[in-house]
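Down below is the structure, laid out as structure tokens.
The values are calculated or read from the model by the stated rules, or taken from the named source; none is laboratory data. Being a predicted model, the structure only gives us computed values, none of them experimental. All Cβ positions, glycine included, derive from the backbone under ideal geometry; neighbour counts span all protein chains shown.
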Amino acid sequence: PELGIDDQAELLPYDKKWEFPIERLKLGKQLGSGAFGVVMKGEAKNIVDGEPVTTVAVKMVKKNADNTYIKALASELKIMVHLGKHLNVVNLLGACTKNVVKRELLVIVEYCRYGNLQNYLLRHRDNFINQIDPKTGRIDYTIGQEYDLDRTYSNSSDKSNNCHSPSMKYAALTFSNNSGNSMLPPQSQMGDYRSSAGTQMTSLPDDGTVLSNNSIQPEWRSNYKGDYKGNVKPICTKDLLAWSFQVARGMEYLASRKVLHGDLAARNILLSDNNIVKICDFGLAKSMYKSDNYKKQGDCPLPIKWMAIESIRDRIFSTQSDVWSFGIVLWELFSLARTPYPGMEADERLYHKLVEGYRMEAPEYSPKEIYQLMSECWLTPPLSRPSFGKLSETLGNLLEDTL
Ligand code: ADE
């Protein structure tokens, strides 16, 4: 059955410049699937300037799914159009909307070859280097030096500082300018090296925003000198910190565009080349363009363990409730992807304990400063929680301390 006129109207106002001819898109294997959506890997011809073929991720609604789901995807598409580009957000590349009336809607986004952080962390649990000094509880970057953990890239020629690229400070952190042993790898090596982590893929960096304009020349710094378990380079505390910082930056951008995410969780953060993480899945996102900062959600299933106390109680979502979820994400990262509130059900009892002031303990691999930060994200009054700007500043400083 086709959509009614009201439903169509709701779908329509959409900038045609994003329309991508479906003939130039080839679908591959399935990357993920949810209750109503499927994400497929794909190859798109001439979707990114200067690149004949680009590996992409294509989001669509399952056949026979009901109207709400296609509307949710259409709304996600509109949010992405409104949002614009940022390094730490999975960017929109195009959409096929011609057959939306027949419930066919394809949303084409950047492909992130290492998949989501939750699975990535689970796969690397046996390969983690805890850089916390057991005596002081503080980060000690010299721990694990024998592994050459640095996965940063030289950024010597980056002069662009437009809104699509990170600030200089960010650039300095993520692409530290240290070309000690600058050995350019065969591109395939980059794929092989973390192959247990992601799918073996075309090895072009997928990040159109920054890497395709040649502003950053990746230089291979790793000498691969450690004896890595299973030949996979370990992850370390500094990686967790770098990812936390980038998520805060991405969320700071979302907040500045007046978009709330509503489902921030490690499963919705993807890892891309060059250790860049990107926030995805705006399925529950809402734009707050109508002056009110708060949005009430309908009756859809909700991620209780990631939700702020006021969101559980009243279904009120705001940038401040995203900050609470960010605190849970920090807990997930520094526990190497344990499920929050271990041993507890996501139910009324959890809610009542939260009201009584109960909060999770520090996760196993968390430095003191990070536990402090997550605790602030879980303050009961929404306005007492730090802003994403404050969070990225604090995390940026912690990351600098480790350099
Ligand atoms: N799974 C869901 N979205 C994805 C993306 N953009 N890249 C890789 N895997 C994904």
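Before moving on, here are some points about what is shown:
- Among the residues of the range 319-367, those identified as among the acidic types (D, E) and modelled with pLDDT under 95 are E345, D347, E348.
Each row is one residue, and each column tells you yes or no for (1) small (G, A, S); (2) more than 16 Å from the ligand (Cβ to nearest atom).
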| site | (1), (2) |
| --- | --- |
| L241 | no, yes |
| G250 | yes, no |
| A255 | yes, yes |
| G262 | yes, yes |
| R267 | no, no |
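- Extreme residue, farthest from the ligand (Cβ to nearest atom), among residues of the range 31-47 that are part of a loop (DSSP other than H, G, I, E, B) and either of a type in the set (G, A, S) or under 14 Å from Y111 (Cα atoms) (or both): A35
- Subset of the range 303-349 that is acidic (D, E) and touching a residue at least 60 places away in the same chain (Cβ under 8 Å) - its residue that is farthest from R385 (Cα to Cα): E332
- Any chance G34 is surrounded by fewer than 16 Cβ atoms within 10 Å (Cβ to Cβ), closer than 26 Å to N119 by Cβ and at pLDDT below 90: yes
- Of residues in the range 92-117 being polar (S, T, N, Q) and surrounded by 20 or more Cβ atoms within 10 Å (Cβ to Cβ), the one farthest from V56 (Cα to Cα): T97
- Screening the range 295-365 for helices (runs of 4 or more DSSP H) wholly inside it with 3 or more residues that are buried (at least 18 other Cβ atoms within 10 Å of the Cβ) returns the ranges 309-314, 319-334.
- Residue selected from the range 103-142 under the condition among the basic types (K, R) and not in a helix (DSSP H, G or I), by the criterion farthest from the chain's Cα centre (by Cα): K135
- Of all residues making up the range 60-96, the number that are more than 16 Å from the ligand (Cβ to nearest atom) and assigned to a loop (DSSP other than H, G, I, E, B): 5
- For the range 15-25, the set of residues classified as within 16 Å of the ligand (Cβ to nearest atom) and in a strand (DSSP E or B) consists of L25 only.
- Residue within the range 381-401 that is under 24 Å from D126 (Cα atoms), out of contact with any His (no Cβ under 6 Å at 6 or more places or on another chain) and free of Cβ contacts under 8 Å to residues at least 12 places away in the same chain present: no
- Restricting the range 98-122 to residues that are out of contact with any Ser or Thr (no Cβ under 7 Å at 6 or more places or on another chain) and among the basic types (K, R), the residue that is farthest from the ligand (Cβ to nearest atom): K102
- Top-ranked residue in the range 269-294 [being at pLDDT 95 or above and part of a loop (DSSP other than H, G, I, E, B); ranked as farthest from the ligand (Cβ to nearest atom)]: I276
Condition check ((1) assigned to a helix (DSSP H, G or I); (2) surrounded by fewer than 23 Cβ atoms within 10 Å (Cβ to Cβ); (3) modelled with pLDDT under 50) across all residues:
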| residue | (1), (2), (3) |
| --- | --- |
| L204 | no, yes, yes |
| S222 | no, yes, yes |
| G226 | no, yes, yes |
| R249 | yes, no, no |
| R267 | yes, yes, no |
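- Taken as a whole, the condition of being modelled with pLDDT under 85, out of contact with any His (no Cβ under 8 Å at 6 or more places or on another chain) and within 30 Å of P234 (Cβ to Cβ) applies to D150.
- Test result for K62, surrounded by fewer than 19 Cβ atoms within 10 Å (Cβ to Cβ) and in contact with a strand residue (DSSP E or B) (Cβ under 9 Å, 6 or more places away or on another chain): yes
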